[in-house]
Amino acid sequence: MLNIALGKGRLADITLKKLEEIKIHFPEYTSKSRKLIFTDAMNSIKLVFVKASDVGIYVERGACDIGVAGKDTIMESMPDVYEMMDLKIGRCKFAVAAPVGFKKESHKKIRVATKYPNVAKNYFERNGKPIEIIKINGSVELAPLMGLADVIVDIVETGTTLKENGLVVIEEISDVSARLIVNKVSLKTKRTEILGIIKALSTSSEGDQL
Ligand code: PRP
């Protein structure tokens, strides 16, 4: 059996569609189901739904052979896995955003609220800017509005959340898209199956092997 870890949420349905295109079906799956494990029609693949930020650890530890994870969560947790394919889905950007009209006071450390403390720290350190990180777990846009932080580091997809909350992008950090990651041991022990899936995915869509 090949175990595939998939993050619950925005990437799930689109990844399942891609698997359907290469004839991997999960007949029992519906987006409303609360079930966490599904088996494919051929009984050779298990699809395991985990929290998006946990895909890396499931694959690193070998609980799953393959995972589909956003580059955002990979950059944050840096799992020890092979990143084998850019699936070119779930595209968005990492950005620094602030309330409209924000001006940095030069003598003060910038307070940065984020779900991605490592990404934020690396980015500002690279640019030599002293900051204080405030780790929060969701609805990051609220932090500057409520005086908890000066700016945020977050992913921006359509920009709607920023706009509706009076924030604007002040710096772009990097592009983000979904990646197919593989456990290092599994690539040796289940090589044929794994490379078969990667090949099929890159033939059927615009995904790039890395
Ligand atoms: C993400 C991100 C932004 C929003 C961006 O949050 O943290 O809040 O999506 O998308 P947009 O540019 O299309 O508006 P998510 O929906 O994952 O929820 P969360 O804030 O509760 O983590």
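Summary of computed values
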{"item": "Failed item, numbered, when Val55 is tested on (1) touching a residue at least 12 places away in the same chain (Cβ under 8 Å); (2) farther than 30 Å from Glu141 by Cα", "result": "(2)"}
{"item": "Some residue of segment 36-56 being crowded, with 20+ Cβ neighbours inside 10 Å, part of a loop (DSSP other than H, G, I, E, B) and within 15 Å of the chain's Cα centre (by Cα)", "result": "no"}
{"item": "Selected residue (criterion: farthest from the chain's Cα centre (by Cα)) from residues of segment 1-17 that are away from the ligand (no atom under 16 Å from the Cβ) and either surrounded by fewer than 19 Cβ atoms within 10 Å (Cβ to Cβ) or under 19 Å from Thr192 (Cα atoms) (or both)", "result": "Met1"}
{"item": "Single condition Leu195 does not satisfy, out of (1) within 15 Å of the ligand (Cβ to nearest atom); (2) open to solvent by 20 Å² or more (accessible area, probe 1.4 Å)", "result": "(1)"}
{"item": "Enumeration of residues in segment 48-71 that are touching a strand residue (DSSP E or B) at 6+ places or on another chain (Cβ under 6 Å) and basic (Lys, Arg)", "result": "Lys71"}
{"item": "One residue from Ile155, Ile134 being touching a strand residue (DSSP E or B) at 6+ places or on another chain (Cβ under 7 Å), assigned by TED's automatic domain parsing to the domain that holds Ser106 and away from the ligand (no atom under 13 Å from the Cβ)", "result": "Ile134"}
{"item": "Counted residues, segment 138-156 - those being modelled with pLDDT of 95 or more, under 23 Å from Ala69 (Cα atoms) and open to solvent by 30 Å² or more (accessible area, probe 1.4 Å)", "result": "2"}
{"item": "Of all residues in segment 158-180 being without any contact (Cβ under 8 Å) to a residue 40 or more places away in the chain and more than 6 Å from the ligand (Cβ to nearest atom), the one that is least open to solvent (accessible area, probe 1.4 Å)", "result": "Asn165"}
{"item": "Qualifying position, being β-branched (Val, Ile, Thr) and open to solvent by 30 Å² or more (accessible area, probe 1.4 Å), among Val68, Val100, Val119, Val59", "result": "Val100"}
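The values are calculated or read from the model by the stated rules, or taken from the named source; none is laboratory data. This structure is a prediction, so every number in the text was calculated from the model and none was measured. Reconstructed Cβ throughout: ideal geometry from the backbone, glycine too, with neighbour counts over all protein chains shown. Please note that ligands, DNA and RNA were not included when accessible areas were found on the heavy atoms of the full protein model with its side chains. Shrake-Rupley method; radii C 1.70, N 1.55, O 1.52, S 1.80 Å.
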